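In what follows, a structure is listed as structure tokens, so that the remarks can point back to it.
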């Protein structure tokens, strides 16, 4: 992996890159990949008023991973991490950890003091939950059977210092 460049600006091509990353990850169905791409379209249409911020990690001009995050409405300084996806061919090489750290820095710079992230309790999400713990997030709440019977919502939080 060569040098990674980060950018926050969103372009029309990013919707396709986001959809590709989501689909190739094997973690998301086509409806979920569509939702990920729709956030890019929403940001392009409304700018920062959309509430969505992006951080793209690029290598040689190709998106290798990204985060989508934003200020949690009606809170003073809480943020939500909506998506973090890294190219499946690069998993385990540290890009996700670097991307998370860079996102957290930007949230701090925006006055954020906490980041919340939600994920599924399904077995295939065990590596995702482990990743959040590795990055310093703690399990704050579990909403039983949230997504479906036997598929609970896990909410993680990290206090930024």
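In this structure, residue 117 does satisfy being crowded, with 18+ Cβ neighbours inside 10 Å, modelled with pLDDT of 95 or more, touching a helix residue (DSSP H, G or I) at 6+ places or on another chain (Cβ under 9 Å) and not in a helix (DSSP H, G or I).
Touching a strand residue (DSSP E or B) at 6+ places or on another chain (Cβ under 8 Å), touching a residue at least 60 places away in the same chain (Cβ under 8 Å), part of a helix (DSSP H, G or I) and surrounded by 12 or more Cβ atoms within 10 Å (Cβ to Cβ): is that true of residue 129 in this structure? When the stated conditions are applied, residue 129 does not pass them.
The residue that is modelled with the lowest pLDDT, among those in region 1-56 that are more than 24 Å from residue 110 (Cα to Cα) and in a loop (DSSP other than H, G, I, E, B), is 1. Does region 73-92 include one or more residues that are in a helix (DSSP H, G or I), surrounded by 12 or more Cβ atoms within 10 Å (Cβ to Cβ) and without any contact (Cβ under 8 Å) to a residue 60 or more places away in the chain? No: zero hits.
The values are calculated or read from the model by the stated rules, or taken from the named source; none is laboratory data. Owing to the predicted nature of the structure, the values given are computational and were not obtained by experimental measurement. Using ideal geometry, Cβ is built from the backbone for each residue, glycine included, and neighbour counts are taken over all protein chains shown.
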